[in-house]
Amino acid sequence: HIINLHFTVYELQLKQGTGNGISGKIWMVIGEGSVFVIFLVIGAIITRNSFKKEFTLGNQQKNFLLSVTHELKSPIASVKLYLETLLKRDFEKEKQKEILSNTLNETERLLSLVENILFSAKIDSGNFTPYKERINVSEFTNQIITIPLTRNSGSKTHQFIIKIEQDVLLNLDRVAYSSIILNLVENAVKYSPSGSKILIGIKGENNKVVFSVSDEGPGISE
């Protein structure tokens with residue numbers, strides 16, 4: 001193509017007898033070619049980034065499904081074990097009450113996981129519209145964290161330190177807020193050493209509400 005271009009330019013120079021017009025056309029061809037190359041490079045970069053983004057999203061979805069499947073199997077297996085135990089053996093009334101209470105806790109855990117999945121699906125599909133209302137976030141948070149605290153009270157694997165300032169008011173969506181708190185607290189339990197401390201705190205600070213969950217674990221990778 002370059003050789004053909006040189007011959008074409010030479011022939012035009014012979015015909016027109018001047019190089020000024022031809023030089024302008026050469027620069028025009030070079031300019032157009034440069035623009036084409038630039039657009040080609042930009043297109044290649046955009047395509048590569050899009051492919052990389054889709055690949056990352058696919059891995060995230062795969063990991064999410066694996067995690068959800070693992071999380072769902074645990075409470076289901078526990079409920080099944082408790083019920084089988086009740087069917088196979090005769091226990092005293094107090095022991096039966098304890099087993100049924102544990103079964104109920106696992107059922108609530110399972111329900112919470114299902115609600116989390118539905119909540120995530122709504123966010124991903126863009127169908128989630130937060131419904132904010134003025135509530136006492138101190139009282140509401142104490143109610144929410146009762147679930148993970150009760151669940152871990154039997155094994156006493158962690159030391160929970162609760163520092164919640166009284167009568168803190170906030171406009172928030174109850175479902176979204178519950179999901180955030182439960183995920184943070186349960187991750188703190190799951191990813192910190194047995195017997196370590198987990199601090200749950202709420203306080204008003206500079207016209208804002210600060211909610212924190214601190215643990216002594218190594219942290220979670222991105």
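The values are calculated or read from the model by the stated rules, or taken from the named source; none is laboratory data. Remember, predicted model here, so these are calculated numbers, not experimental data. Glycine gets a Cβ as well: all are built from the backbone with ideal geometry, and neighbour counts include every protein chain shown. Heads up: the accessible areas ignore ligands, DNA and RNA and are worked out on the full protein's heavy atoms, side chains in. Shrake-Rupley method; radii C 1.70, N 1.55, O 1.52, S 1.80 Å.
Values computed for the structure shown
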item: Cross-chain or 6+ apart pairs with Cβ under 7 Å, the range 87-112 first and within 24 Å of V175 (Cα to Cα) and surrounded by fewer than 17 Cβ atoms within 10 Å (Cβ to Cβ), then modelled with pLDDT of 85 or more and β-branched (V, I, T); result: T107/V79
item: Count of the range 69-95 residues which are of a type in the set (D, E) and over 30 Å from N116 (Cα atoms); result: 3
item: Residues that are within 19 Å of I164 (Cα to Cα) and small (G, A, S), drawn from the range 184-203; result: A188, G201
item: Failed condition for L72, given (1) hydrophobic (A, V, I, L, M, F, W, C); (2) within 26 Å of I180 (Cα to Cα); (3) modelled with pLDDT under 85; (4) open to solvent by 70 Å² or more (accessible area, probe 1.4 Å); result: (4)
